[in-house]
Amino acid sequence: MNAPLVRGAPDIAPHELVSRLLHATAQDQSGAVDPARLLSFLRLEFLPVDFDTALRGVLPVEAGNARALLSFPDRLVAVDTRLDQKRVRFSTLHEIAHYVLPEHRHALYLCDADGLGFRARLDFEVQANRFAADLLFKGHHFTLEAHAAPVSVATIKAVALKYEASFESTARRLVEKHHAPVMLVVCGRHPDRSVIDSSQPAVWPVKYCCASASFKARWFARVQGEAPAEIAAALTAGGRDVADSIQVEMPLAGDGGGVFGVEWFYNQYDIMGLVVPG
Ligand SMILES: [Zn+2]
């Protein structure tokens, strides 16, 4: 009988730990991960909690924005009931990461929206997010599938549905792991514009970019500016599927940048562009 894997030894690399966990729970194949099987294998309890009401007065004031927690002594993962289903999945995997990563030895982890987000700053949160993404996308399985299909929004939609991940995190993962030169530009609606003058069209400035290693090596790591107004208007007019994208050729990053093929799409929150060399 195999001894249950409780925590990683310090000499086990995180990606090795990911594949051991997937293997031990019979999930080392393509398709969506089931966090419940990981929790059960690790003998962790899972509890959905309304953090605002149920935990007010119990948690320290500075934990007011907490959305998920891991208590080592209680062997408990709790996740805020206000999170949507995909965030519950990711937050659960994030707490599992704190539990198994050998250097994460606090008795209690309280993780807020910033720590659970793509732009987390604290080392432990960054490590836990990376580990959670590796579990969510099944290590190399997602990467192999992404490489076998064209670089397109249709591919992003197909694998996002298959892995039960958000379109944005799937797009980011595809770009980060891809050997081909490709970049993702994420544009968010400018929050103040409609307050100032609601007759003006919304403006969608670039929030962040991520690019494959080969794209960054040959071109640039980020662009500035806004999503083209007429494309933003068409994408957000309503009733449009995420994969119903708009493809254009356009110059990026000024005179030295060159012309690129950009496939624009909208996930009902942000406008995103998938950029490939023109
Ligand atoms: Zn955390």
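Every number in this text was worked out from the coordinates using simple rules, so none of it is lab data. As the structure is a prediction and not an experimental result, all values here were calculated from the model. Virtual Cβ from ideal backbone geometry, glycine too; neighbours counted across all protein chains shown.
For this structure, a couple of remarks:
- Between the range 69-101 and the range 224-254, the alpha-carbon centres lie 35 Å apart.
- Computed over the range 14-136, the percent of Cα pairs more than 19 Å apart is 43.
- Whole-number D in µm² s⁻¹ for the chain, Kirkwood Cα-pair radius fed into Stokes-Einstein, 20 °C, 1.002 mPa s: 106
- Residues Trp264, Trp219, arranged from fewest to most other Cβ atoms within 10 angstrom of their Cβ, appear as Trp219, Trp264.
- Ranked list, fewest to most other Cβ atoms within 10 Å of each Cβ, for Glu164, Glu16, Glu125: Glu16, Glu164, Glu125
- Extended-chain gain in nm, criterion 0.36 nm per residue less alpha-carbon gap, Ala180 and Gln268: 28.9 nm
- The slack between Ala24 and Arg56, meaning 0.36 nm per residue of separation minus the straight C-alpha distance, is 7.8 nm.
- Multiplying the residue separation of Glu226 and Leu47 by 0.36 nm and subtracting their alpha-carbon distance yields 60.3 nm.
- Cα-based helix-to-principal-axis angle, 14-24 vs the chain, degrees rounded to 10: 70
- Nearest-ten-degree value, helix 123-136 long axis tilted from longest Cα axis of the chain: 80
- Of all DSSP beta bridges confined to the range 14-136, the antiparallel ones make up roughly 65%.
- Rounded to whole Å, sorted largest first: equivalent-ellipsoid semi-axes of the range 189-271, Cα gyration tensor: 25, 16, 12
- Scaled radius of gyration (Cα, divided by 2.2 N^0.38 Å) that the range 121-219 gives: 1.28
- The ranking of Cys187, Cys111 from fewest to most other beta carbons within 10 Å of each one's beta carbon is Cys187, Cys111.
- Helix 153-163 vs. the chain, principal-axis angle (Cα, 0 to 90°, nearest 10): 10
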